[in-house]
Amino acid sequence: MTSEKIPDVYGPGTFTDKTFTPVPEDTQRIFRLIASQTPGFTQDERSLSKVKFIGESYPVIPGPIKAVSVAAALHAMTGVLADEILAIRGLNNEERRITVNTTHAAVWFGCIATVFLDGIDVVSMVKQGKLKGLLPDWEQGWTDTALKYRTTGLYPTNNPEVWYSLHGSMNAKPVLHSIGVDPSTPIKSNDEAAAHIAQHTAKLSPEKMEMTNLINGFCGSICFTPKQWRESEMGRSLGRHPLVNVKKQDQAVPTTPVAFPPLNPNDKRPLAGVKVIEMTRVIAGPEIGTILAAYGAEVIRVNPPHLPDINIMQLSLNAGKRTIAIDLRNEKDAALLKSLVSECDVFVQGFRINKMPKFGLGLNDLLKMAGERGRGIVYVTENCYGPDGYYAERPGWQQIADAAAGSAYVTGKSLNLPNNEAVLPSLPISDMSTGVLGAVGAMLGLKRRAVEGGSYYSHASLTGVNAYALTEDVGLYPQSTVEECKQRFQWGEMRGAHHVLDLLVTVWNGWKKVLGDYLKPDGDWFQSFDGSTFDKKRLTILRPVVKFEGESETTPEWKTPSVPYAYEKAESVKFL
């Protein structure tokens with residue numbers, strides 16, 4: 001039942017709970033809410049009642065947004081779908097219990113940092129300069145100067161009430177030029193770089209920056225209030241879709257139900273034998289594949305060799321996967337990928353929607369292929385703004401979605417900063433949430449394919465998951481709750497110019513002081529692999545969030561550790 005709300009506490013279009021509800025209890029409500037709003041998702045009380053939420057009563061991340069509860073609810077939905085798939089595969093268990101620890105789900109937002117090599121956390125290794133030599137370098141110098149690093153941030157405009165989210169998009173120089181900043185300007189520190197950029201943005205109108213970025217294909221967004229976003233043309237377009245957006249493709253050639261392959265006695269995880277091609281970068285898309293791999297899917301991740309990616313993600317977001325490089329501009333490479341795709345059950349892609357048809361990998365291309373082979377496919381797309389509408393083809397990142405939906409505005413308001421200074425939510429929240437959202441879509445499509453037949457299209461968007469967490473049905477935490485969390489963890493300073501990686505370290509430092517017992521590499525939340533590909537060091541990563549109580553054989557986990565991008569030669573990789 002939705003609790004009573006107070007309007008506009010954190011700005012126009014916000015809805016704040018009058019009273020605080022403990023996180024696990026509130027998450028159960030939100031889980032039931034999302035489940036009820038999801039077409040095709042079970043409404044069977046016997047399945048829904050298997051879910052149990054546990055964890056700390058009070059929030060463990062900064063700010064009023066209930067991102068942890070939304071993400072934990074989505075994790076629980078993957079657990080329910082996994083339970084249903086196990087039943088389809090002959091492993092029905094009416095007593096199976098699906099447990100989600102909401103505190104674990106909060107730490108999962110920061111899983112790219114909750115990694116240990118030989119027992120040393122990677123945050124410490126980065127500070128000490130000990131990580132560089134261990135990871136293949138895919139970054140192409142994207143943040144090798146302070147100006148490049150601070151190009152991605154929230155900055156003032158000539159409207160003292162409106163802030164703007166700039167993004168370097170791993171190629172900051174043209175973005176800097178667009179606001180009148182010479183990328184070669186001598187700058188000594190990140191703070192000096194932020195001040196220098198702010199001097200230039202403060203002379204520009206937010207509308208001018210928005211149009212400049214739109215015309216040039218750069219990423220960026222005005223830091224809207226939640227009300228402004230909902231009332232915008234793009235906000236209305238996105239709002240017409242459910243959060244979990246999975247649609248059967250009735251226009252495709254009909255295909256009969258596809259049975260899951262027989263379970264291997266040595267691998268009884270729900271998705272064992274399911275074949276997935278993942279063509280994504282950075283966080284959100286790779287997290288879709290990482291979750292599917294934990295549930296047993298065979299995931300082959302594809303990186304274009306000419307495009308940069310973030311080095312540290314190789315430690316955690318390739319868990320359970322095989323990785324290859326494919327350049328679709330090369331005919332031989334394209335043929336190799338299409339051969340793999342012809343066998344797959346799920347295709348995950350994180351590029352612009354209209355980019356894939358140019359390479360014969362668009363939705364209709366794969367629906368045609370599915371009809372020809374007589375076996376449906378599940379096509380999963382993740383992007384910034386949604387499946388249709390004015391900005392559907394516009395590129396964007398988590399920080400852009402945070403600004404667009406109103407999350408950055410709300411976070412800034414909760415910090416009581418002057419002049420409507422917007423601040424990013426403190427972790428890769430929309431990235432990771434979009435990852436689990438995409439996994440829900442993939443698993444729902446697979447279940448429906450097994451029962452109904454046909455092919456399915458699932459779309460997950462960064463802005464969509466942000467906007468959902470700001471709805472009246474979900475609500476925001478009271479100011480007193482936000483303040484209590486701040487006092488408990490003694491968070492460091494959080495400002496608009498801070499990169500999400502800076503904010504992640506700020507949160508990590510608070511967690512270590514208060515949640516240290518949870519964060520030990522030999523603890524229950526972590527999974528270790530000896531002799532990793534990273535200098536043979538023992539690699540320890542955060543376990544999947546969902547747990548089937550008392551069922552070690554079916555509960556999600558990774559059988560193999562993360563490996564670097566493009567670890568295997570494409571021509572030698574086949575589905576097992």
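Read-outs throughout are calculated quantities, based only on the coordinates presented, and are distinct from any laboratory measurement. Treat the numbers as computed from the prediction; the structure is a model and nothing was measured. Cβ placement follows ideal geometry from the backbone for every residue including glycine, while neighbour counts extend to all protein chains displayed.
Worth pointing out:
- Approximate spin-label separation E95-N330, in nm, with each point projected 7 Å along Cα-to-Cβ: 5.5 nm
- Anisotropy class of the chain from Cα gyration tensor, a/c 1.5 cut: rounded
- Gain upon complete extension [K130, D522; 0.36 nm per residue less C-alpha separation]: 139.0 nm
- For the stretch 245-329: rounded, prolate or oblate by the Cα gyration tensor [a/c cutoff 1.5]: oblate
- Distance between the pseudo-spin-label points of E553 and E207 (7 Å out from Cα toward the beta carbon): 6.6 nm.
- Residue-wise HN-Hα coupling along the stretch 423-440, computed from phi with Karplus coefficients 6.51, -1.76, 1.60 (Hz; x: Gly, Pro): 9, 5, x, 7, 9, x, 5, 5, 4, 5, 5, 5, x, 6, 4, x, 5, 4
- Spacing of the two label points (7 Å from each Cα toward its C-beta) at K18 and K569, in nm: 6.9 nm
- Chymotrypsin sites (Phe, Trp or Tyr not before Pro) restricted to DSSP loop in the stretch 386-474 with at most 16 other C-beta within 10 Å: Y390
- Cα gyration tensor, the stretch 146-218 - rounded (a/c under 1.5), prolate or oblate: oblate
- In range of the label at Q43: residues from the stretch 64-100 whose backbone nitrogen is under 14 Å from the point 7 Å along Cα→Cβ: none
- Taking the helices alone, the chain has a mean residue ellipticity at 222 nm of -11000 deg cm²/dmol, built from -39,500 (n - 2.57) per DSSP H run of at least 4 residues and averaged over all its residues.
- Set of lysines with alpha-carbon distance to K413 below 22 Å, sequence-local pairs under 8 removed: K5, K18, K66, K227, K486
- Coil-residue trypsin sites (Lys or Arg not before Pro) of the stretch 1-87, DSSP, other Cβ within 10 Å capped at 16: K18
- Cut-off under 5 Å, modelled amide H: who pairs with A460 long-range: T381, E382, N383
- Between the alpha-carbon centres of the stretch 367-410 and the stretch 238-262 there is a gap of 15 Å.
- Alpha-carbon centroids, the stretch 124-178 and the stretch 461-518: separation in whole Å: 21 Å
- A simple rule links phi to the HN-Hα coupling: the Karplus curve 6.51 cos²θ - 1.76 cosθ + 1.60 with θ = phi - 60°, which for the stretch 514-525 gives 10, 10, x, 5, 6, 9, 7, x, 9, x, 5, 7 Hz, with x for Gly and Pro.
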